[in-house]
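To keep things clear, I will list the structure first and then write my remarks on it.
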Amino acid sequence: MSQLLGIPPQALFGQLLLGLINGSFYALLSLGLAVIFGMLNVVNMAHGALYMVGAFVAWLLLSYAGVGYWGALVLAPLVVGAVGLVLERTMLRRLYKVDHLYGLLLTFGLALIFEGAFRHQYGVSGQPYPIPDLLKGGTNLGFMYLPTYRGWVVAASLLVCLGTWFAIERTKLGAYLRAATENPTLVQAFGINVPVMVSLTYGFGVALAGLAGVLAAPIYQVSPLMGSNLIIVVFAVVVIGGMGSILGAIVTGLGLGLLEGLTKVVYPEASNIVVFVIMAVVLMMKPAGLFGRER
Amino acid sequence: MNHYAVTAAVAACLFAQTLSQPVLAQSAAYSDGKIKIGVLTDLSGQLSDSTGQGSIAAAQMAVEDFGGSVNGTPVELIFADHQNKADVGASTARRWYDVDQVDAIIDVPNSAVALAVQQITKEKNRVAIFSSPASSDLTGKACTPNGIHWTYDTYALAHVTGEAVVASGLDSWYFLTSDYAFGHALERDTGAVVESQKGKVVGSVKMPANNADFSSFLLQAQASPAKVVALATAGADTQNAIKQAAEFGLGQSGKNIVALLLAISEVHALGLPATQGIMLTTPFYWDMSDETRAFSKRFFEKRKAMPTFYQAGVYGAVSHYLKAIKAAGTDAAPTVMKTMKETPVNDFMTKNGTVREDGRVLRDMYLFQVKTPAESKAPWDYYKLVRSIPAERAFRPLSESECPLVKKM
């Protein structure tokens, strides 16, 4: 069997690997969304904008403070996380008691403001961000040329995803968090400061977006519009995985990346809608998502 | 005291107005006492760096250089964002013509918006000079007696790039094409040129527009035997494709990247390490002559960026329009259009250009290659000239025109 779906198997491996790389971005971003939705019940439309802010913070650090990639990898998520804390404390907090839609509208508005502000300041062409020296070059795997940096992205995001899943599902802190989601009053009665925990959760969720932004900076142009292009797909991933499901977000992110990669070879014209077709099918068969629970 | 001052001021104004009445009456040939030019551009989307505020600045420079008035009638400049939506552009054009008494619309990046404005301009019998859109349909089947296509078009991009690159021995091509009308037209036209020059198109892939990750398509191109990987894309798509082509080492694997539409603002944003060696066609580069350098230096002081060929085109278009209404002594569209077509185009970037009966401006085009970081001696020192192509070889001959205005022999 020299051909698979009309493609030589070697080329297919290459495309699947690329799909995995994109999938790890989806996983990292949808993980942040899932954490925020699961714990706060907020549909965070500002996620894409904060991903963009993460990439811009990395670029600003490099251009104005001389802080390189590795420094940015730590600092940028902290900055974005801090921005998230301020947003949660000053604005989002007021909306927990009302319908989800208000949170969605608020964060959508914030996303537009962030994008508009960066566009006004830096234009739309974007800024170049170099690949760090340590990760330059690539390896010829025989069936494809794999840039070292892309390999690093997969490893880094898988590590972060699994770490987050472990922290929430398998540690005491995670247990508190999950309990606070179910019944905040009771958890508060046990002497745990629930509001602070919720703020930190939001900060952590958007910090993940900031981290994804830094990881993306050397691959894409650092541009004010980079987040809005991605956020819709990431939302579809979260819906397919099941709103609020941590594991669902990770597995679906990677899976859809692979599927999209495959579509890019078989029928490239459809590669930007395949995710949404699947979303529609999943919503019809299993409205809560593949890994979601009915609430 | 104050009361008297106000009264005096009002009286002075009234007096001044009565004095100015006869002057207005004299220049009644210019409708409603002023010449109004509207810059319809992209102020927020993908094209806003290469056109946008820079286009407005270039138009302002042209008006200032002309002295701000024509035969004593003031020239007023207004602008609007069409948001890359044909309906927004069309309704702005209608409002400008009907309510705001705009005499001419300039710029209009985005072919879809331009085609809409072209029809409205004809309906309202005003003037539109398209300096930024690409589609050669504007002077083809969608041509009108009221529209001029100023700077470049898809036909010229395809022909200049196709011929010159094949002539340099790079005869097998692979297209990475944006999956919408613009990309399809560019691939079709360029492919036809490549094949007419005995070159070969070995493959192509249609990519969704506003895609972020091009690695999959780049690998497909890399696996092909083609010597040239041609990008029939625009804006952010071109940028991300170029950046990722560098990442995947397409250059090292012997592929030559040709960008069919690339502005210097995009090269600047990507940096030379990612863009070096790319071949591109453009009607203007800032560092070509003393005149282009002088204009570009002034532009740079305003915008902190060198002008793109679109923005340079806006300056030329506004200047030519003002010269024509001065010579014609009226801003009535039919007379002005006639004068513009009779007058040779001369400005810092154009030498003896002509406006053809179908509205096409004929000008020389240039094939450039992006310099390596070592070759670049200063900021914005980005291009080296490969060859220049005379106007009559760059643009579509009238014999091939689908424009109904062209009288076939």
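The values are calculated or read from the model by the stated rules, or taken from the named source; none is laboratory data. On a predicted model such as this, the values are computed, not experimentally measured, just so you know. For neighbour counting, all protein chains shown are included, and Cβ atoms are generated from backbone atoms with ideal geometry for every residue, glycine included.
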field: Any hit, the stretch A:138-156, residues being touching a Phe, Trp or Tyr at 6+ places or on another chain (Cβ under 9 Å), assigned to a helix (DSSP H, G or I), within 14 Å of another protein chain (Cβ to nearest Cβ) and β-branched (Val, Ile, Thr)
entry: yes
- line: Residues of the stretch A:70-86 being surrounded by 15 or more Cβ atoms within 10 Å (Cβ to Cβ) and either touching a residue at least 40 places away in the same chain (Cβ under 8 Å) or closer than 18 Å to A:Gly38 by Cβ (or both), in sequence order, are A:Ala72, A:Leu73, A:Ala76, A:Pro77, A:Val79, A:Val80, A:Gly81, A:Val83, A:Gly84, A:Leu85
message: Looking for something without any contact (Cβ under 8 Å) to a residue 60 or more places away in the chain, more than 16 Å from A:Ala207 (Cβ to Cβ) and not in a helix (DSSP H, G or I) - is there at least one such residue anywhere in the stretch A:105-120?
response: no
- prompt: Taking the stretch B:215-266, which residues are in a loop (DSSP other than H, G, I, E, B), within 11 Å of chain A (Cβ to nearest Cβ) and within 27 Å of the chain's Cα centre (by Cα)?
  reply: B:Ala263
task: Those residues that are more than 21 Å from A:Glu269 (Cβ to Cβ) and either in the same structural domain as B:Lys351 (by TED's automatic domain parsing) or in contact (Cβ under 8 Å) with a residue 24 or more places away in the chain (or both), I need them from the stretch B:170-195; list them, please.
output: B:Leu170, B:Asp171, B:Ser172, B:Ala192, B:Val193, B:Val194
Strands (runs of 3 or more DSSP E) lying entirely in the stretch B:78-195 (those with 2 or more residues that are β-branched (Val, Ile, Thr)): B:104-107, B:127-130
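In this structure, does A:Arg89 turn out to be farther than 17 Å from A:Trp152 by Cβ, in contact (Cβ under 8 Å) with a residue 60 or more places away in the chain and not hydrophobic (A, V, I, L, M, F, W, C)?
yes
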- prompt: Here are B:Ala192, B:Ala226: which of them is out of contact with any strand residue (DSSP E or B) (no Cβ under 6 Å at 6 or more places or on another chain), modelled with pLDDT of 90 or more and farther than 28 Å from A:Ser228 by Cα?
  reply: B:Ala192
Residues of the stretch B:122-142 satisfying the condition of being surrounded by fewer than 24 Cβ atoms within 10 Å (Cβ to Cβ), in contact with a helix residue (DSSP H, G or I) (Cβ under 8 Å, 6 or more places away or on another chain) and not basic (Lys, Arg): B:Asn125, B:Ser135, B:Asp137, B:Ala142
task: Restrict the check to the stretch A:123-131 and report whether at least one residue is in a helix (DSSP H, G or I) and either farther than 30 Å from B:Leu272 by Cα or within 14 Å of chain B (Cβ to nearest Cβ) (or both).
output: no
- prompt: Looking at the stretch A:41-62, which of its residues are touching a Phe, Trp or Tyr at 6+ places or on another chain (Cβ under 8 Å) and closer than 19 Å to A:Tyr129 by Cα?
  reply: A:Ala49, A:Leu50, A:Met52, A:Val53, A:Ala55, A:Phe56, A:Ala58, A:Trp59, A:Leu62
message: With the requirement that a residue be over 15 Å from A:Asn44 (Cα atoms), of a type outside the set (Val, Ile, Thr) and within 11 Å of another protein chain (Cβ to nearest Cβ), what does the stretch A:218-249 give you?
response: A:Pro218, A:Tyr220, A:Gln221, A:Ser223, A:Pro224, A:Leu225, A:Met226, A:Asn229
message: Scan the stretch B:34-44 and tell me whether some residue there is under 30 Å from B:Glu266 (Cβ atoms), part of a loop (DSSP other than H, G, I, E, B) and at pLDDT below 90.
response: yes
query: For the stretch B:342-349, does any single residue satisfy the condition of being outside the structural domain of B:Val267 (by TED's automatic domain parsing) and part of a helix (DSSP H, G or I)?
result: yes
message: For a quick check of your reading: which helices (runs of 4 or more DSSP H) sit entirely within the stretch A:162-269 and have at least 3 residues that are under 20 Å from the mean Cα position of the chain (by Cα)?
response: A:194-216, A:226-241, A:246-266
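If you take the residues in the stretch A:242-271 that are in contact with a helix residue (DSSP H, G or I) (Cβ under 8 Å, 6 or more places away or on another chain) and free of Cβ contacts under 8 Å to residues at least 40 places away in the same chain, which one is surrounded by the most Cβ atoms within 10 Å (Cβ to Cβ)?
That would be A:Ser271.
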message: Can you find a residue that is of a type in the set (Lys, Arg) and more than 21 Å from the chain's Cα centre (by Cα) anywhere in the stretch B:80-90?
response: no
statement: (1) within 22 Å of B:Ala234 (Cα to Cα); (2) touching a Leu at 6+ places or on another chain (Cβ under 6 Å); (3) outside any helix (DSSP H, G or I) all hold for B:Ala212 apart from (2)
message: Can you pull out every residue in the stretch B:275-322 that is among the hydroxyl-bearing types (Ser, Thr, Tyr), outside any loop (DSSP other than H, G, I, E, B) and farther than 23 Å from B:Ile105 by Cβ?
response: B:Thr275, B:Thr281, B:Thr282, B:Thr292, B:Ser296
query: Can you find a residue in the stretch B:173-188 that is of a type outside the set (Val, Ile, Thr) and within 22 Å of B:Tyr315 (Cα to Cα)?
result: no
